[in-house]
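Quick notes on the structure that follows.
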Amino acid sequence: MSHAFDAASAAAATHTTAEPRVPGLLGTIDRALKGVNHVIMLLGGIAGTPRAKTVVIGGGFLRHGGSAEQKAAHIPSIIDGSKTLAFAQTEKNSRYDLFDVTTTAKKDGGSFVLDGEKAWITSGAHAGLHVVFARTAPPDEGGASNKRGIGCFVVERGTPGLHVGKDEDKMGQRASGTVALAFDACRVPEENLL
């Protein structure tokens, strides 16, 4: 079985006209992300794992939850490699539960102000964009639903109030850096809410 990447076949198999066009080989954002994911799958192993996590998961949230403006502003730079992406979900006490989020995002005029900390974020120190989950409303009284009131935000590198921790000293997977991210009155425009 050949694993050669056939861009024309990938483009034909994933054809859609609903997505904005991006310059380059595959045409639309959806097809371009699928093409990048296909190449990562073919690379496999250590070379593909960190990039796969950030492109597939974080890029997927942008692709499915982002506005046309957000996609046009961010996805081309992820695809061409000029910006990397970090997926900031995990918190120290969350047990990898997406809905067990304590980082907050409080609405303030035309912005959200993020406060909290994320842990074990792959590529967090080098990312140009961070896809960050934060609680926009408290959980329902009595714990009836912890799933409501969580927003997903794009936070760009260098945003005041975003602090990157030191690289974790890991036993394995040393090809990718892993850090904590702290948000201290980190103000992002409401347009950055996915």
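If you take the residues of region 73-89 that are under 12 Å from the mean Cα position of the chain (by Cα), assigned to a loop (DSSP other than H, G, I, E, B) and not charged (D, E, K, R), which of them is nearest to Gly158 (Cα to Cα)? Checking each candidate, the answer is Thr84. Annotation note: of Cys152, Cys186, the sole residue that is under 19 Å from Gly128 (Cα atoms), modelled with pLDDT under 95, in contact with a Leu (Cβ under 6 Å, 6 or more places away or on another chain) and of a type outside the set (Lys, Arg) is Cys152.
The values are calculated or read from the model by the stated rules, or taken from the named source; none is laboratory data. Small disclaimer: the values here were computed from a predicted structure and weren't measured. Note that we place each Cβ from the backbone using ideal geometry, even for glycine, and neighbour counts take in every protein chain shown.
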